[in-house]
Amino acid sequence: MQAHELFEILVRENADMLLAYLRAVVRDATAADDLFQETMLTAWRRLPDYDKTRPFGPWLRGIAARTVMAWRRQRAKSFALCDEEILEHLSARCETIQKQPGDTWDQKLEGLRDCVDKLPDRYRDVIQLRYAEELSPESLADRLEITGETLKKRLQRGRARLLECLERKLKWDAPEAGASMSLS
């Protein structure tokens, strides 16, 4: 198999997870798409360095993490969600998700959608508005006419319920105690 064929197969299997990873870190869809393209170009150029005995997804996310950190340095403090600890946490969670037997990315997304639909209205509304519509916490609190603290609690409780639902639905291992991250 030629290098470009191998690369195409590996990218097809990992592209959606990589884009989700980048969008979780950057939260700006245009910037995430640009970083995705840059990551893919770097991966293509560095393909001879890839150890075929190891999983491709973590290698690709490692390139993406370095690309994001370089992007962050160039833009100083233009976004708040990107330090080494969060990148490592997201990469570990992506790896856990990726290791689940028999589940495709689309099945996992469908599971997430189903879990979101089952949330009580007060949690479902804040989750959908915050993550699907990408409203800022300030705009979201104003729109729902609630305080920032109430919003924070609803997001926290909604995410916890989503994690519980997904763990049941997809039989994921629970994250380690103390490993939970607030990704606003």
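Rule-based calculations on the coordinates, nothing more; no lab input. Source: prediction; values computed, not measured. Don't worry about glycine lacking a Cβ; one is built from the backbone with ideal geometry, like all the others, and counts go over all protein chains shown.
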Selection from 26, 11, 74 lying farthest towards where the dipole of the stretch 1-80 points positive, charges on Cβ = 74
Whole-Hz Karplus couplings 3J(HN,Hα) for the stretch 31-38, θ = phi - 60° and coefficients 6.51, -1.76, 1.60, Gly and Pro as x, run 5, 4, 5, 5, 5, 4, 4, 5
HN-Hα couplings for the stretch 118-125 via Karplus (6.51, -1.76, 1.60; θ = phi - 60°), in whole Hz with x for Gly/Pro, come out as 7, 5, x, 3, 4, 8, 4, 4
Computed magnitude of the charge dipole of the stretch 102-174 (debye, nearest 20; Cβ of K, R +1, Cβ of D, E -1) | 320
Return 56, 7 ranked ascending by Cβ neighbour count within 10 Å, so the fewest neighbours appear first.
-> 7, 56
Residue by residue through the stretch 46-53, which ³J(HN,Hα) values in whole Hz follow from phi under the Karplus form 6.51 cos²θ - 1.76 cosθ + 1.60 (θ = phi - 60°), with glycine and proline marked x?
-> 9, 3, x, 7, 5, 8, 5, 7
Can you sort 25, 68, 116, 11 by how many other beta carbons sit within 10 Å, fewest first?
-> 11, 116, 68, 25
Give the order of 108, 153 when sorted by the count of other beta carbons within 10 angstrom, beginning with the fewest.
-> 153, 108
